[in-house]
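Quick note: the coordinates plus some simple rules give every number you see, no bench work behind them. Fair warning: this is a prediction, and the values are worked out from it, not measured in the lab. So basically every Cβ, Gly included, is an ideal-geometry build from the backbone, and we count neighbours across all protein chains shown.
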Amino acid sequence: MEQIPILRIGDCLLVSIQVDMHDRMAINLQDSLTTRIVETNARGVLIDISALEIVGSFIGRMLNNIASMSRVLDAVTVVVGMRPAVAITLVELGLELPGVKTALNVDRGLLLIRRQIDDGAEHA
Amino acid sequence: MAAQHGVLTKILAKSQGDLLDAWVKEQKGVLKVSSQGEAAEHSRKFIDGLRAAAEADQLGDINGGAWAQARQALTDISSDQALKGATPGETAMFVFSLKGPLFAALAKEAGKDTDAFAREVWASTVMLDKLGLYTMEVFQKSREEVIRRQQEELLELSTPVVQLWSGILALPLIGTLDSGRTQVVMESLLQEIVKREAEIAIIDITGVPTVDTMVAQHLLKTVSAARLMGADCIISGIRPQIAQTMVHLGVELNVVSKANMADAFALALRSTNRKVVDRTAKDKEAAAIKAAAASAAAGED
């Protein structure tokens, strides 16, 4: 069974999706990601989709789901590295992923998460 | 068929040169001076082609193989005229001006046999009308080709993405936004965002004449796509009249918008933690501090 590796960077988790996902994998990913967030007390989740050339409605919904789940577990989700063609397709499909934060690359994504966590700490 | 065009075939065989001369003279009245030289050349080729078709006994069918040369001559002259900006009428007259000399020749050849003359005239008229229509089709096609090329060039020209600062892009839009243009604009913007690692894109719509619901939707699509890539968009340059129309139409752009590019740029700088400083004010301040320090030092002495 293929597994998508979840890497830990400080208090963030990095998920790099490099193969086309199917239903089973997506459910497994949601399962193991939520488990890991709880285990590691992660505050941020980075999902790198720079290797994906096709993102359909299925993956789009999965990204939305992961973002919502992480929010419940008090972690910020940032989707990074979306390709231009993928962005256009998603917009044409009407999937504008309103609940998901985005950044250009992993570097920017980490900065964004850091800023979000700091903002959250100030408000608390 | 052969019976219908018997006389024409004979004329072409016997006095091709005379017919051509009479035709070229006729064209002087209808064509522009600049294209007369070329027209004479094309006419010679066309008459040659016509003769080839007559000899192959295919005068009735202008799409036939024997007409290849004559058709080529017509294609050349029509596209030539289209490029020179001639009117469709002028182009059609190129073929129709052959009628005069041709009918004269037919009358001479038929002599007293009016039945034969009428038959020949009818057959030739049908043939020349077909050729005239063919010319118009080619003319139209060449014009459409010109228009299509210009459209493409316009599309390329009108979507520049410029970098204002590191991480800040500007996209000045000029002209109406339709779905085709939006696609091109979106693609070039997204590609530049990746290339320049931009965080903020300013879409300036000063040059967009009207913003209706469709245009607004296209703009929003571009903004959403940029957001998915991780870049924020600011819309600038909404003119007063456009703001009014948008409100009247109930169009809502739920994005950050600024009245002009300068404000948008200032906002972009601020949100990327940069600021623009007025050097003269700073220098004066520094000078004042220095003077105060100097006078203080003088006081100590």
222 nm mean residue ellipticity, helices alone, for chain A (DSSP H n ≥ 4; -39,500 (n - 2.57); rounded to 500): -16000 deg cm²/dmol
Residues of the stretch B:226-251 with amide N under 16 Å of a point placed 7 Å along Cα→Cβ from B:N260: B:236-241
Sequence-distant lysines (8 or more away, or on other chains) whose Cα lies within less than 19 Å of B:K141: B:K84, B:K130
Acute angle (nearest 10 degrees) that the helix A:106-123 long axis makes with the longest principal axis of chain A, alpha-carbon atoms: 40 degrees
Those GluC sites (Glu not before Pro) in the stretch B:181-268 that DSSP places in a loop and that have at most 13 other beta carbons within 10 Å: B:E252
Value of [θ]222 nm, deg cm²/dmol, for chain B, DSSP H segments ≥ 4, -39500 (n - 2.57) each, nearest 500: -23000 deg cm²/dmol
Overall form of the protein assembly as shown per C-alpha gyration tensor (a/c, 1.5; a/b vs b/c): prolate
On Cα atoms only, tilt of B:68-84 relative to the major axis of chain B in degrees: 40 degrees
Largest-first ellipsoid semi-axes for chain B, taking √(5λ) over the Cα gyration tensor eigenvalues, angstrom: 74, 22, 16
Bins of 10 Å, starting at 0 and running to the largest distance - Cα pair percent for the stretch B:6-151: 12, 43, 33, 11, 2, 0
Three-way shape call for the stretch B:162-275 based on the alpha-carbon gyration tensor, with the a/c threshold at 1.5: oblate
Charge sum, other residues only, whose C-beta stays under 12 Å from B:V277's C-beta, Lys/Arg counted +1 and Asp/Glu -1: +1
Mean-position separation - Cα centroids, the stretch B:206-235 and the stretch A:44-84, in angstrom: 23 Å
Linear extension gain, B:F103 paired with B:E55, 0.36 nm per residue minus alpha-carbon span: 15.3 nm
Fraction in percent of alpha-carbon pairs per bin - 10 Å, chain A: 13, 48, 32, 6, 0
Helix B:240-249 vs. chain B, principal-axis angle (Cα, 0 to 90°, nearest 10): 80 degrees
Sum of side-chain charges, B:T75 neighbourhood, beta-carbon under 10 Å (Lys, Arg +1; Asp, Glu -1): -1
Sites B:D283 and A:L111 - FRET efficiency at Förster radius 41 Å, r taken between beta-carbons, to 0.05: 0.75
Efficiency of FRET from Cβ geometry, B:E38 and B:A116, R₀ 25 Å, rounded to 0.05: 0.10
Under 22 Å from B:K221, Cα to Cα: lysines that are on another chain or at least 8 residues apart: A:K101, B:K195, B:K258
Separation of the B:K195 and A:E2 label points, Cα + 7 Å toward Cβ, nm: 3.2 nm
